[in-house]
Amino acid sequence: MAQRLKTDWILFFAILAMVFFGLLMMYSASSVMAELKFKSTYHFAFRQLAWILVSISLMMLLKKTHYRRLAESQVAFTGIGLVLVLLLAVYFIDSQHHRWLRLGGLGFQPSELAKPALIVFLAFFVSMRQRAINDRHTLLPAAITVGLVTFGVVVADLGTAVVLAATATVVFFVAGLEWRYCFVALAVALLGVVFFVVSKPYRLARIVGFVDPQYKIISKFDPQGKIKEHVQKSLVSRDTKYQAQQSKIAVGAGGPAGLGLMQGKQKLFYLPEAHTDFVYAVVCEELGLLGSLGVLGGFIVILCRGIRTTVIAQDDFGRYLALGVTTALAVQAFMNMSVVLDLMPTKGIPLPMISSGGSSMLSTLMSLGLLLNVSEHAG
């Protein structure tokens with residue numbers, strides 16, 4: 001008898017609620033800028049809606065396609081290979097930012113595609129090698145693959161690279177990776193982060209601006225001011241605290257109940273990237289503490305359903321697939337909200353399902369389609 005599938009409706013409707021709430025807040029945050037630049041308050045909203053419709057269609061397709069069909073070496077390695085090729089191509093095609101592949105008026109970030117591709121690869125590889133997870137024949141190819149993908153992403157997008165590395169770490173840890181290898185991986189990751197932060201003045205400026213904005217501590221170790229000189233090579237980096245300051249003003253102005261939908265002030269060219277990386281600040285200002293807790297609650301619901309799916313999954317591949325998707329989503333959401341609340345240095349990473357961005361929406365809903373699929377077959 002064929003297995004009777006049961007959709008996780010709590011997870012499904014939580015995803016849809018977050019997506020369309022995000023569309024509403026994105027419209028509120030972008031309408032003024034859209035009117036001034038494109039003569040239509042709906043410009044960004046319509047573009048986001050188009051991406052949402054495409055992304056939901058792909059989510060439903062992945063929801064209906066049995067996830068075990070992805071548990072093939074051809075699928076796992078083809079996905080990773082495609083991502084590596086696209087990351088290499090975007091490095092040369094977008095020579096200034098190394099982020100965008102553009103075709104006409106459409107743009108796509110290959111770094112976003114790296115998330116579902118790496119999650120599928122990790123689930124396949126770890127489920128195949130779980131009994132020998134601490135063997136060098138497992139660790140070496142895994143380290144090379146994760147390292148190549150992370151390196152390809154970190155050149156232009158440190159935040160996404162951190163999400164990828166964190167996801168891989170959690171999956172391998174749950175699979176039984178020994179603590180000594182965890183510490184080695186952590187040390188290598190920290191060295192990599194330090195190198196790529198120092199190599200870009202604007203990244204170093206964000207860290208310094210967060211930890212020591214007046215250079216009081218740094219001046220004790222660097223009396224000649226070489227670090228300050230390096231940081232200020234970028235004109236943009238001299239005002240690195242501006243976004244965080246404006247974000248905190250927006251959060252504080254919201255109070256318990258907010259100023260009201262569409263009534264926020266910080267989006268009126270005070271808060272940069274109001275409809276992308278800092279849309280959570282607009283939520284806090286316009287809907288107050290209640291709205292901000294509502295968004296947090298939405299992510300907690302998805303996190304809990306993801307953990308539940310991880311626990312009840314019928315096979316190792318499904319278990320690690322659910323774990324990877326849940327970890328990536330939770331880490332990215334936590335990082336974005338922490339930046340908005342000035343709990344972490346500023347980094348360009350969108351809030352999943354809420355921020356404007358077609359690549360992020362596509363990547364997120366594709367991943368959540370996989371999570372829904374695993375949940376459906378585990379019920």
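Here are some notes:
- Over region 135-271, Cα pairs under 8 Å with separation of 6+ residues give a relative contact order of 16 percent.
- Per-selection Kirkwood Rh - region 119-258 (Cα, Å, 1 d.p.): 17.8 Å
- Quotient of Cα Rg and 2.2 N^0.38 Å for region 222-376, N being how many residues it contains: 1.24
- For a straight C-alpha distance cut-off of 23 angstrom, the lysines reachable from Lys226 (same-chain residues fewer than eight places away being disregarded) are Lys200, Lys216, Lys241.
- Each of the peptides 312-324, 332-344 was scored by the mean count of other Cβ atoms within 10 Å over its residues; in descending order, highest first, they stand as 312-324, 332-344.
- For the chain, Kirkwood radius (reciprocal of mean inverse C-alpha pair distance, Å): 21.7 Å
- Helix-derived mean residue ellipticity, 222 nm - over the chain, DSSP H n ≥ 4, -39500 (n - 2.57), to 500: -24000 deg cm²/dmol
- When each of Lys241, Lys228 is scored by the number of other beta-carbon atoms lying within 10 Å, the sequence from fewest to most is Lys228, Lys241.
- Highest-first arrangement of 181-189, 20-28, where packing means the average Cβ count within 10 Å: 20-28, 181-189
- Peptide packing for 247-256, 71-80, 361-370 was compared via the average number of neighbouring C-beta atoms within 10 Å per residue; ordered from the highest value, the list is 361-370, 247-256, 71-80.
- Per residue Cα convex hull volume in Å³ - calculated over region 67-190: 108 Å³
No value in this document is a laboratory result; all are computed from the given coordinates. Keep in mind that this is a model prediction, so the values were computed, not measured. Cβ sites come from the backbone with ideal geometry, for glycine too, and all protein chains shown count toward neighbours.
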